Amino acid sequence: MSKVTTLHEFIMDRQADFPYASGELSRLLTDIAVASKVVSKDVRRAGLLDNFLGAHGSTNIQGEEQQKLDVIADNQFINMFKTGGEVCGIASEENDDFMPFESEFSKNGKYVVLFDPLDGSSNIDVNVSIGTIFSIFRRQSEVGTSATLEDMMQSGAKQIAAGYVLYGSSTMLVYTTGKGVNGFTLDPYIGEFCLSHPDMRMPEMGRIYAMNEGNVNICDPGIKEYIEEKCQTILEGAPRPYSGRYIGSLVADFHRNMIKGGIYIYPSTTVDPEGKLRLLYECNPLAFIAEQAGGIATTGHERIMDIEPSRLHQRVPYFVGSKKMVEQAMEYLKG
Ligand code: AHG
Ligand code: MN
Ligand code: MN
């Protein structure tokens, strides 16, 4: 058996990639890994534990019903960030407003984290893959002061690191610091994330499309045309049409497309004119990973990471995945 590289070893080895790095980002990534192991343990046993499945009885600012595990995961990550010392504040999909950490210890943190603690909430109770998505920025405000809204509202191009944890058939952590993408599988027997997917590349072209097709008649008619002509028609030289695969957890649909090649579409609809997915907690971090792996992420008209956010919980239409597929889909858009 060849030598196993743990996430911790990998992070430490890569620290040299950042001149003058003081190790804080490394510690922050390690903290995220630890929190996600705790969440993974809860997810794995959710059906057996009291008070883990089902609705929490509250709604978030976006009017969505919170699940108990949404709240549990949110608190787990927040507590880790509050006690780690690298982070001066966070913004999470589950909280109305951003949260500056007011202790002197945290005010000296250089980073802010924006995250979706549990993506795919509607899949929790039916035992289907869910995940955590995170985005890390250097703060804009002065170290030693309280974190500000401006620290949170930076364009995706300024991300220092981003990643996701997928609680799937195994638990995986995938992240980038802007030097490629690497994936780690949690070995439950030793409790460590181990390098399993070095230097991940998203195929330029794939044969999978992921969209909630219930929306196909309430969005840009070009999308229906794209799906009918390019995904559902047998093209010359192809064995059969593309496969439609829609898990309903963005993080899981994205991960599958990262490995196999594919496109994920959540467009603007007449019901949700801005789309459904959140720029800061979902679209930006996965856009950074997609680009680092050779894929692309756009609203259909604009690169996701170029958007200057206007609201914390801003939503945007989202086309992400294999480069050629996303480019082709964009050619069909009319709006
Ligand atoms: P969340 O569970 O964090 O609220 O996100 C759910 C998102 C995304 O994960 C998924 O792809 C999409 O919503 C599913 O939406 P539809 O049910 O409208 O297809
Ligand atoms: Mn989500
Ligand atoms: Mn969520």
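The values are calculated or read from the model by the stated rules, or taken from the named source; none is laboratory data. Being a predicted model, the structure only gives us computed values, none of them experimental. Because the Cβ atoms are built from the backbone with ideal geometry, glycine has one as well, and the counts that use them run over all protein chains shown. To get the accessible areas, we keep the full protein, side chains included, count just its heavy atoms, and leave off ligands, DNA and RNA. Shrake-Rupley method; radii C 1.70, N 1.55, O 1.52, S 1.80 Å.
Things to note:
- Residue among 103, 146, 122 that alone is within 12 Å of ligand 2 (Cβ to nearest atom), of a type outside the set (Asp, Glu), assigned by TED's automatic domain parsing to the domain that holds residue 165 and open to solvent by 10 Å² or more (accessible area, probe 1.4 Å): 122
- Some residue of the range 84-97 being over 20 Å from the mean Cα position of the chain (by Cα), outside the structural domain of residue 248 (by TED's automatic domain parsing) and open to solvent by less than 10 Å² (accessible area, probe 1.4 Å): yes
- Any chance residue 258 is in contact (Cβ under 8 Å) with a residue 24 or more places away in the chain and either within 13 Å of ligand 2 (Cβ to nearest atom) or under 29 Å from residue 154 (Cα atoms) (or both): yes
- Among all residues of the range 232-249, there is at least one that is within 22 Å of residue 134 (Cβ to Cβ) and open to solvent by 20 Å² or more (accessible area, probe 1.4 Å).
- Evaluation of residue 294 against (1) open to solvent by 10 Å² or more (accessible area, probe 1.4 Å); (2) in a helix (DSSP H, G or I) (one fails), failing number: (2)
- Filtered residues of the range 45-76 (kept if over 18 Å from residue 313 (Cβ atoms) and among the acidic types (Asp, Glu)): 50
- Residues of the range 28-53 that turn out to be small (Gly, Ala, Ser) and over 30 Å from residue 138 (Cα atoms), as a count: 2
- If you filter the range 301-335 down to residues that are among the β-branched types (Val, Ile, Thr) and under 30 Å from residue 61 (Cα atoms), you find that the one that is surrounded by the most Cβ atoms within 10 Å (Cβ to Cβ) is 320.
- Failed condition for residue 51, given (1) surrounded by fewer than 13 Cβ atoms within 10 Å (Cβ to Cβ); (2) modelled with pLDDT of 85 or more: (2)
- Residue ID - farthest from ligand 3 (Cβ to nearest atom), chosen from residues in the range 60-118 that are among the hydroxyl-bearing types (Ser, Thr, Tyr) and in contact (Cβ under 8 Å) with a residue 40 or more places away in the chain: 111
- Restricting attention to the range 125-141, the residues that are within 10 Å of ligand 2 (Cβ to nearest atom) and among the hydroxyl-bearing types (Ser, Thr, Tyr) add up to 1.
- The residue of the range 297-334 that is nearest to residue 225 (Cα to Cα), among those that are assigned to a helix (DSSP H, G or I) and among the aliphatic types (A, V, I, L, M), is 329.
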